[in-house]
Amino acid sequence: MTYQTSISSMTQTITSRSGAWDGIDAEAVARMRVQNRFRTGLDIARHTAAIMRRDMAAYDADPANYTQSLGCWHGFIAQQKMISVKKHFGTTDRRYLYLSGWMVAALRSEFGPLPDQSMHEKTSVPALIEELYTFLRQADARELGMMFRDLDAARAAGNAIEEQRLLNAVENYQTHVVPVIADIDAGFGNAEATYLLARKMIEAGACALQIENQVSDEKQCGHQDGKVTVPHEDFLAKVRACRYAFLELGVEDGIIVTRTDSLGAGLTKQIAVSKAAGDLGDQYNSYLDCEEIDPATAQNGDVILNRDGKLLRPKRLPSNLFQFRAGTGEDRCVMDCIASLQNGADLLWIETEKPHIEQIAGMVDRIRAVVPNAKLVYNNSPSFNWTLNFRQQVFDAWAADGRDVSAYDRARLMSVDYDGTPLGDEADERIRTFQADSAKRAGIFHHLITLPTYHTAALSTDNLAREYFGDAGMLGYVKGVQRKEIREGIACVKHQNMSGSDIGDDHKEYFAGEAALKAGGAHNTMNQFAA
C-alpha cells in the first residue's frame with residue numbers, strides 16, 4: 001500500500017465511525033505506518049533474505065557486485081553506520097551488518113568481558129539482533145519524520161513542486177533495514193540446542209546464520225590455537241537444524257553460512273562413524289595422524305582403525321583429543337566446504353591465518369571444480385596485521401622477480417621507516433584493492449570486518465581522554481569531536497533528534513493537537529546546530 005492510498009483507506013475507516021474517530025488524522029496514521037514498515041522480526045528476515053538472494057545472483061553474474069559489512073556490538077553503532085552509508089553513497093545496496101560472537105562475548109555478557117569460547121549467554125545473541133533492528137527502524141522513523149516536516153513546510157509555502165518531490169521520495173524510500181549475518185558460533189550445544197537458538201535469532205530478524213565446525217564445548221576464536229573440529233555428520237545435523245528453523249518460520253530464502261576452521265584446527269574430539277569406504281566419515285578419518293600397530297600390543301581404551309588391511313591407532317593426546325596429520329588443513333577445508341554445499345549450505349567461510357588471495361583462491365578453485373557457483377564470506381579480520389602481511393607479500397614477490405630489495409629489512413617491515421616507500425605504497429595499494437581483487441579471483445561474495453567498531457571505540461576514546469584530561473580541557477572535546485561533527489555533517493550532533501525527541505513531538509501533536517507540550521521549541525539548545 002502506498003502512502004497516498006494508505007491516507008485514503010484510513011480516511012474511509014475514520015469516516016465509518018460516525019464521528020467517534022474524528023480526532024484521528026488519517027495522514028498522521030499513514031505517516032506512522034510508513035515509519036513502522038516492519039511489524040515483526042520475521043518481516044525483517046523475509047525482506048532481508050530476499051535482498052541477499054538478489055545480491056548473490058548479481059554476484060554470480062559479475063563478481064564486481066560483491067557485498068560488505070562491518071561488525072556491530074550495539075544498535076546505535078549499527079544505526080550510525082547505515083545513516084553514514086546513506087549519507088555518503090545515497091543507497092544501502094550491498095551493505096550489510098555483521099553480528100560477531102566475539103564481540104557479544106567481549107562486550108555484551110553479564111559475566112563481563114569473555115574470550116570467544118561460547119561461554120556467554122546464548123540469549124544475548126538474539127537480543128542483540130533485535131536491538132540492531134530496533135535502532136535501524138528508528139533511523140527510518142527519524143528520517144521519514146524529517147521528510148514529513150519538510151512536506152508540511154512545502155504545503156504551507158504553496159510549493160507544489162517541492163511537495164510532489166517529497167511525496168515521491170516517501171513513496172520510494174529506501175529503508176535502513178539491511179541484512180544481518182549473525183554468528184551462532186558452533187550452535188551452543190547439540191543439534192536441538194542449535195535449532196532452538198536459530199529459531200530465536202530468526203524471529204529477531206536474522207536472515208543469515210553463520211555456523212562453524214568446531215565442537216561447542218571446546219570452541220575457540222578462529223584466530224587462536226587449540227581449535228577442535230567435529231566430524232561432518234555432527235556438523236551437518238546442525239546445518240539441517242538451522243534450515244528447519246528457517247522453513248518452520250516461513251523464511252524459505254534464509255541463508256546458511258558454513259564456516260570451516262580446519263585450516264588452523266589440528267585436533268578432533270571424535271573419530272567419525274564410517275559405513276563405507278570413501279564416505280564422509282572415512283574421508284575425515286583418513287587425515288588422522290596414525291601409527292601402525294601389532295594387534296598384540298593393543299591396550300584397553302585404544303581406538304583401532306582398519307585401513308587397507310592394516311591396523312592403525314590414531315595418536316591420542318593427554319587431553320583425550322586426536323590429532324590430524326600436519327599439512328592436511330587445506331585438504332580438510334576443501335572437503336568441509338564441498339560437503340557443506342552438497343548438504344544445504346548457501347555460502348562458505350574459510351577461516352585463514354592471513355589475508356592472502358592466492359591461498360584462498362587455491363582452495364576455492366578446488367571447491368568450484370565440484371560446485372561451480374561456490375561463494376565465500378570472508379573475514380577481513382583485525383586479528384591480521386594487515387600492514388605487515390602485505391609488506392611481506394610485496395617483499396617476497398619482488399625478491400622472487402629478482403628486484404632489488406636491499407633497502408628493506410624483512411624482519412622490521414612494520415617500521416614507520418617504510419611508510420611512503422615504494423614497497424610500503426604498493427602494499428597499501430594491495431590492501432586497498434584486496435576486496436575487489438579477491439571477489440574476482442577467489443570467489444568472495446561478502447567481505448566483512450568482525451571487530452572494527454570495537455577498535456574504533458577504543459581509539460576515539462583514547463584520543464578524547466588524552467586531550468580532555470590534558471591541557472586541552474574542553475577544547476579537546478570541542479575541536480576533536482563536536483566541531484568535526486558539525487562540519488562533517490554527522491547526524492548525531494543533534495543528539496536530541498537522534499534519540500527520537502522530534503518523533504515524540506510529532507506524536508504529541510497527533511495525540512493532543514494544539515495542547516501538545518513539545519520539547520523542540522525556541523528554548524531547545526539543539527536549535528544552535530540548525531546551521
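Inspect the range 24-34 for any residue being within 31 Å of the chain's Cα centre (by Cα) and closer than 12 Å to VAL178 by Cα and give the result as yes or no. No - not one qualifying residue is present in the range 24-34. Against the test of being surrounded by fewer than 23 Cβ atoms within 10 Å (Cβ to Cβ), aromatic (Phe, Trp, Tyr), at pLDDT 95 or above and not in a loop (DSSP other than H, G, I, E, B), the options TYR244, TYR284 yield a single qualifying residue, TYR244.
A quick yes/no check of all residues on (1) at pLDDT 95 or above; (2) closer than 22 Å to MET498 by Cβ; (3) buried (at least 19 other Cβ atoms within 10 Å of the Cβ):
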{"site": "THR40", "(1), (2), (3)": "yes, no, no"}
{"site": "THR48", "(1), (2), (3)": "yes, no, yes"}
{"site": "ALA57", "(1), (2), (3)": "yes, no, no"}
{"site": "GLY71", "(1), (2), (3)": "yes, yes, yes"}
{"site": "LYS86", "(1), (2), (3)": "yes, yes, no"}
{"site": "PHE111", "(1), (2), (3)": "no, no, no"}
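Taking the range 366-379, which residues are touching a residue at least 12 places away in the same chain (Cβ under 8 Å), surrounded by fewer than 20 Cβ atoms within 10 Å (Cβ to Cβ) and not β-branched (Val, Ile, Thr)? Scanning the range 366-379 gives ARG366, ARG368, ASN373.
Close Cβ contacts (under 8 Å, 6 or more residues apart or on different chains) running from residues in the range 315-337 that are free of Cβ contacts under 8 Å to residues at least 40 places away in the same chain to residues that are among the polar types (S, T, N, Q) and surrounded by 15 or more Cβ atoms within 10 Å (Cβ to Cβ) comprise LYS315/GLN323.
Within the range 153-174, the set of residues being part of a helix (DSSP H, G or I) and surrounded by fewer than 13 Cβ atoms within 10 Å (Cβ to Cβ) comprises ALA156, ALA160, ILE161, GLN164, ASN168, GLU171. Say we look at the range 212-226 and pick out the residues that are crowded, with 24+ Cβ neighbours inside 10 Å and out of contact with any helix residue (DSSP H, G or I) (no Cβ under 6 Å at 6 or more places or on another chain); which of these is farthest from GLN138 (Cα to Cα)? For the range 212-226, the residue satisfying everything is GLN214. Apart from one condition, TRP349 fits all of (1) hydrophobic (A, V, I, L, M, F, W, C); (2) surrounded by 12 or more Cβ atoms within 10 Å (Cβ to Cβ); (3) part of a helix (DSSP H, G or I); the exception is (3).
Evaluation of SER216 against the conditions (1) polar (S, T, N, Q); (2) within 27 Å of PHE38 (Cβ to Cβ); (3) in contact (Cβ under 8 Å) with a residue 40 or more places away in the chain shows that the sole unmet condition is (2).
Of the residues making up the range 390-409, not a single one is surrounded by 16 or more Cβ atoms within 10 Å (Cβ to Cβ), of a type in the set (S, T, N, Q) and over 28 Å from HIS455 (Cβ atoms). From the residues in the range 247-274 that are over 24 Å from the mean Cα position of the chain (by Cα) and of a type in the set (Val, Ile, Thr), which one is surrounded by the fewest Cβ atoms within 10 Å (Cβ to Cβ)? Of everything passing the filter in the range 247-274, VAL273 is surrounded by the fewest Cβ atoms within 10 Å (Cβ to Cβ).
So that you can scan it fast, the table gives a plain yes or no per residue for (1) within 23 Å of the chain's Cα centre (by Cα); (2) of a type in the set (A, V, I, L, M, F, W, C); (3) closer than 30 Å to ARG368 by Cα:
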| site | (1), (2), (3) |
| --- | --- |
| GLY424 | no, no, no |
| ARG430 | no, no, yes |
| HIS455 | yes, no, no |
| SER460 | yes, no, no |
| ARG466 | no, no, no |
| GLY470 | no, no, no |
| ASP505 | no, no, no |
| TYR510 | no, no, no |
| GLY521 | no, no, no |
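Picking from residues in the range 489-515 that are of a type in the set (A, V, I, L, M) and exposed (fewer than 14 other Cβ atoms within 10 Å of the Cβ), the one that is farthest from GLU143 (Cα to Cα) is ALA515. With respect to the conditions (1) part of a helix (DSSP H, G or I); (2) more than 16 Å from the chain's Cα centre (by Cα); (3) of a type outside the set (A, V, I, L, M, F, W, C); (4) farther than 27 Å from THR433 by Cα, LYS122 falls short on a single one, namely (1). Within the range 383-422, restricting attention to residues that are aliphatic (A, V, I, L, M) and part of a loop (DSSP other than H, G, I, E, B), the residue that is nearest to the chain's Cα centre (by Cα) is MET414.
Annotation for the range 1-18: no member residue is in contact (Cβ under 8 Å) with a residue 12 or more places away in the chain, within 30 Å of ALA458 (Cβ to Cβ) and buried (at least 17 other Cβ atoms within 10 Å of the Cβ).
Scanning the range 193-224 for residues that are in a loop (DSSP other than H, G, I, E, B), closer than 25 Å to ARG95 by Cβ and either in contact with a strand residue (DSSP E or B) (Cβ under 8 Å, 6 or more places away or on another chain) or acidic (Asp, Glu) (or both) yields GLY205, ALA206, CYS207, GLY222.
Being within 29 Å of GLU163 (Cα to Cα), surrounded by 17 or more Cβ atoms within 10 Å (Cβ to Cβ) and small (Gly, Ala, Ser) holds for only one residue in GLY145, GLY90, GLY101, GLY75, and it is GLY145. Tell me which residues, restricted to the range 273-317, are of a type in the set (Gly, Ala, Ser) and within 25 Å of LEU236 (Cα to Cα). Scanning the range 273-317 gives SER274, ALA276, ALA277, GLY278, GLY281, SER286.
Taking the conditions (1) outside any helix (DSSP H, G or I); (2) farther than 30 Å from TYR59 by Cβ in turn, LEU464 satisfies each one other than (1). Exactly one residue out of ALA191, ALA237, ALA206 is under 29 Å from THR2 (Cα atoms), in contact with a helix residue (DSSP H, G or I) (Cβ under 9 Å, 6 or more places away or on another chain) and modelled with pLDDT of 95 or more, and it is ALA206.
I'm trying to understand the selection: among the residues of the range 480-531, which are among the aliphatic types (A, V, I, L, M) and either in contact with an Asp or Glu (Cβ under 8 Å, 6 or more places away or on another chain) or assigned to a helix (DSSP H, G or I) (or both)? Selection gives VAL481, ILE486, ALA491, VAL493, MET498, ILE503, ALA512, ALA515, ALA516, ALA519, MET526.
The values are calculated or read from the model by the stated rules, or taken from the named source; none is laboratory data. Please read all numbers here as calculations on a predicted model, not as lab measurements. Counting neighbours? That spans all protein chains shown, and the Cβs are built from the backbone with ideal geometry, glycine included.
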